Amino acid sequence: IQLTQSPSSLSASVGDRVTITCRASQGISGYLAWYQQKPGKAPDLLIYAASTLQSGVPSRFSGSGSGTDFTLTISGLQPEDFATYYCQHLDSMPITFGQGTRLEIK
Amino acid sequence: EVQLVESGGGLVQPGGSLRLSCAASGFTFSTYWMHWVRQPPGKGLVWVSRMNTDGHTTDYVDSVKGRFTISRDNAKNSLYLQMNSLRVEDTAIYYCSAAITYTGGRYYLDSWGQGILVTVSS
């Protein structure tokens, strides 16, 4: 199963609302996670099961979608949110990640 | 607090071998699936392998099948990745990850080590 994220990069300002899309090559039954990765650091789990917020993650992050189309939304960007975001499916083997979306400060 | 600490990385020549270790603490290691994920320099995340709780079930990405072997020692709270016949394209940061968060039939990778660099070069 291939995951395609769009856009590959985007520029936004503090306070903006941004949406990242992840499209699967076939249905993945909602077995989707979103990660945030900052330079030199390991990924952090933000969202799992497509829409469940991981403990400790700010509520400005939200996930939605089903079947093949999923979105990660950040409402009210904060300076610490500028990072790279990845989607990942766990529907079947092999597990795969999207290619990543780099979120930069405008 | 969950802690995962990788070790064993370094520089190796093409065709060589390396064994990565991941020391786990802060959770009941023996009850969770464990994974290896890698990230080539400047590139995205690539899932590599996983092992179930008792070590009897393993999965690998096609590019490492027959060359890499995942294993675990629950008595030592440790995960391993034996990497043989290494190629230049195996150069990456390797992360150990614990799949602890469970819902709807799937365990999600919610805890990660800091990563260890493996460089394959002559």
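Each reported figure results from applying straightforward, stated rules to the coordinates on display, with no laboratory input. Everything quoted here is computed from the prediction, not taken from an experiment. Using ideal geometry, Cβ is built from the backbone for each residue, glycine included, and neighbour counts are taken over all protein chains shown.
Amide H to amide H distances under 5 Å link B:Leu117 with B:Tyr94, where only residues 5 or more positions off or on other chains count and H is placed in the peptide plane. Quick one: if the Förster radius is 22 Å, what FRET efficiency do A:Met93 and B:Thr28 give, using the C-beta to C-beta distance and rounding to 0.05? The value I calculate is 0.35. All other residues whose Cβ lies under 11 angstrom from that of A:Gln37 are scored, Lys and Arg at +1 and Asp and Glu at -1, for a net of +2. The modelled label-to-label distance between B:Val2 and A:Asp16, using points 7 Å beyond Cα along the C-beta direction, is 3.2 nm. For the pair A:Lys38 and B:Asp54, label points projected 7 Å from Cα toward Cβ lie 4.2 nm apart. Residues whose amide H comes within less than 5 Å of that of B:Tyr32, counting only those at least five positions distant or on another chain, are absent (H built at 1.01 Å from N in the peptide plane). With a cut-off of 13 Å between beta carbons, the residues surrounding B:Ala23 carry a summed charge of 0, where Lys and Arg count +1 and Asp and Glu -1. Straight-distance candidates among the aspartates and glutamates for linking to A:Lys41, with alpha-carbon spacing under 19 Å and chain neighbours fewer than 8 residues away dropped: A:Glu80, A:Asp81, A:Glu104, B:Glu1, B:Glu6, B:Asp110. With the convex hull of the Cα atoms taken as the outline of the protein assembly as shown, the averaged projected area works out to 11.9 nm².
Phi-derived couplings, Karplus 6.51 cos²θ - 1.76 cosθ + 1.60 at θ = phi - 60°, listed residue by residue for region B:75-80: 5, 9, 6, 9, 10, 10 Hz, with x used for Gly and Pro.
Per-residue 3J(HN,Hα) values for region B:65-74, derived from phi via the Karplus relation 6.51 cos²θ - 1.76 cosθ + 1.60 with θ = phi - 60°, read 4, x, 10, 10, 9, 8, 8, 8, 10, 5 Hz in sequence order (x marks Gly and Pro). Taking the Cα centre of chain A as reference, the dipole from Cβ charges on Lys and Arg (+1) and Asp and Glu (-1) amounts to some 120 debye. For region B:1-98, which trypsin sites (Lys or Arg not before Pro) are in a loop by DSSP, counting at most 15 other Cβ atoms within 10 Å? Answer in residue order: B:Lys43, B:Lys65, B:Arg67, B:Lys76, B:Arg87.
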